[in-house]
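Q: Take a look at this one; I'll ask things after.
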Amino acid sequence: MDNIQLLRCEDLSACTISDFIDTPIHIVDNKGIVVFVNHAWVNAYKLEKVEAIGKPIEELMKNQLKYFMSINNKNNLLNNKSEYDYTYYRNYSTKSAATEVLQKKEKVSMVTLSPDQRNVVVTSTPIFDANNEISFVFTFIQDLTKTSELKEKLENEIQKNKALLSKLKYYKENKRDSKLIGDSKSIRDIRSLIPVVAITDASILILGDSGVGKEVVAKEIYSNSERSDKPFVTLNCSAIPESLLESEMFGYEKGAFTGAVKSKEGLFEVANGGTLLLDEIGSMPLQLQPKILRVLQENEFMRVGGTRKIPLDVRIISATNENLLTMVKSGKFRSDLFYRLNVIPIKIPPLKDRIEDIKLLAVEFLDKYNEKYGKNKTLDEKALLALEHHNWPGNVRELKNAIERLVIIGDQNVITSIQVQYITQPNDINNSFENDVIPDEINDEMPLKEAVNAFERKIIYNALKKYKTTYNAAEALKSTQPTIARKAKAYGIIKDWD
């Protein structure tokens with residue numbers, strides 16, 4: 001539009017082509033009288049051409065405009081905020097941009113609200129005659145809300161592409177169909193070890209904190225073994241009452257005890273020929289440990305109440321978050337069973353010690369829950385950084401649950417660092433505003449959409465109360481000003497700001 005300054009007044013008739021442009025345009029003469037408006041302007045301001053042409057622009061705009069900012073360098077409007085000069089009005093100004101141009105004799109850009117409450121930039125440019133006097137002022141209106149929405153969509157696609165490239169690079173480098181996700185040295189070492197140990201029948205003890213992915217490693221070993229077409233059975237030693245654990249493991253014969261009305265296979269028998277994972281092996285009662293040791297040594301067992309020995313061919317993988325060696329020293333775990341299980345130990349470090357795995361795991365879980373819940377969410381760069389800076393006491397399981405919540409909650413496609421911090425550090429977010437973030441009226445019986453709306457309204461209200469303007473609130477919440485303004489209006493809280 002800068003080339004318009006080169007036009008002369010005799011070229012004005014050429015501007016009728018503006019009727020084919022969907023951007024509102026009006027032209028005034030050197031006295032501020034409207035001489036042209038295009039169809040888009042008519043649609044925007046609900047005035048017919050005959051009602052506008054010949055009228056002073058100030059009279060037409062008297063009840064339409066509330067300028068709250070002028071911009072000295074409009075070309076940088078959508079770029080870096082620090083590169084252009086704002087002038088904020090203490091109170092709303094109703095003087096039109098075209099009138100400003102006639103007074104200043106230079107191009108002027110101003111931010112205001114359109115009649116339908118959308119943020120727009122009004123840019124007025126002088127058209128000089130041969131004597132370098134202003135003959136006309138050409139004004140066009142740019143919809144900032146639409147531009148911001150397009151920018152948000154573009155950033156969304158960019159983030160999706162970055163995540164996809166990261167995943168493709170990871171899978172290309174590893175060249176395997178593995179569910180053990182990670183690029184840290186410890187995970188790469190474990191991935192390299194799995195094919196080596198999988199082809200043997202040696203007992204494996206997987207060590208690591210709760211939630212690090214011990215069962216994932218066990219299943220990777222099973223998938224790479226020659227028993228992959230046979231059963232994979234998990235026995236959680238801490239989840240079954242001690243009085244029932246023996247019968248769950250070995251099964252029982254009919255009449256073995258009250259209530260045993262028929263015979264039942266135990267999990268050892270179900271896993272016969274395949275792989276048995278003894279999860280939380282540290283919780284195995286001390287009186288049952290000799291029976292487990294005997295089964296592993298003799299490769300046979302009897303059901304509870306039975307007299308017939310059943311041959312057993314099963315690969316044993318154990319897992320625990322306990323320090324079994326310490327338990328051995330304190331007499332809580334048999335040393336002979338420990339050494340029998342600990343033929344090949346595999347230690348999985350906590351997630352806080354393998355930060356480089358967090359991004360890959362987050363993207364993997366994001367894809368999973370996007371598909372599950374029919375969403376199309378992405379994580380922006382600051383959100384990924386926020387995930388990497390959390391220490392994840394619950395490890396991969398906690399990360400997985402956090403991503404699921406982030407996918408479910410909120411209607412924006414881009415997940416921000418503010419949302420991540422709320423999920424991972426709710427106390428910090430509560431302290432970041434004057435009031436609690438979670439409204440008191442939210443309860444477990446509310447529909448999800450209603451609860452999310454109440455939560456979102458509270459966050460926006462607190463941000464506006466603290467940062468005073470929708471622009472500052474949007475920056476704090478890592479959102480866009482049009483989005484915050486639109487939602488604030490929808491929630492009935494816009495009246496106190498901007």
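Q: Would segment 89-109 turn up any residue that is under 37 Å from the mean Cα position of the chain (by Cα) and at pLDDT 80 or above?
A: Looking for residues that are under 37 Å from the mean Cα position of the chain (by Cα) and at pLDDT 80 or above, one finds at least one in segment 89-109, hence yes.
Q: For segment 360-398, enumerate the residues that are in a loop (DSSP other than H, G, I, E, B) and under 15 Å from Gln421 (Cβ atoms). Steps first, please.
A: Taking segment 360-398 first, the residues in a loop (DSSP other than H, G, I, E, B) are 374-377, 380, 390-394.
Correct list: Asp380, His390, Asn391, Trp392.
Q: Do we have any residue at all in segment 350-359 that's more than 15 Å from Ser203 (Cα to Cα) and not in a helix (DSSP H, G or I)?
A: Going residue by residue through segment 350-359, those that are more than 15 Å from Ser203 (Cα to Cα) are 350-359.
Narrowing further to those that are not in a helix (DSSP H, G or I): 350, 354.
Within segment 350-359 (the criterion being more than 15 Å from Ser203 (Cα to Cα) and not in a helix (DSSP H, G or I)), the answer is yes, since at least one residue qualifies.
Q: Which of the residues that make up segment 224-248 are in contact (Cβ under 8 Å) with a residue 40 or more places away in the chain and in a helix (DSSP H, G or I)?
A: As a first pass, look at segment 224-248 and keep what is in contact (Cβ under 8 Å) with a residue 40 or more places away in the chain: 225, 227, 230-239, 242, 245-247.
Within segment 224-248, Glu242, Leu245, Glu246, Ser247 meet the criteria.
The values are calculated or read from the model by the stated rules, or taken from the named source; none is laboratory data. What you see is a predicted model, and the numbers here were worked out from it, not measured in a lab. Quick reminder, even Gly has a Cβ in these numbers, built from the backbone with ideal geometry, and neighbours come from all protein chains shown.
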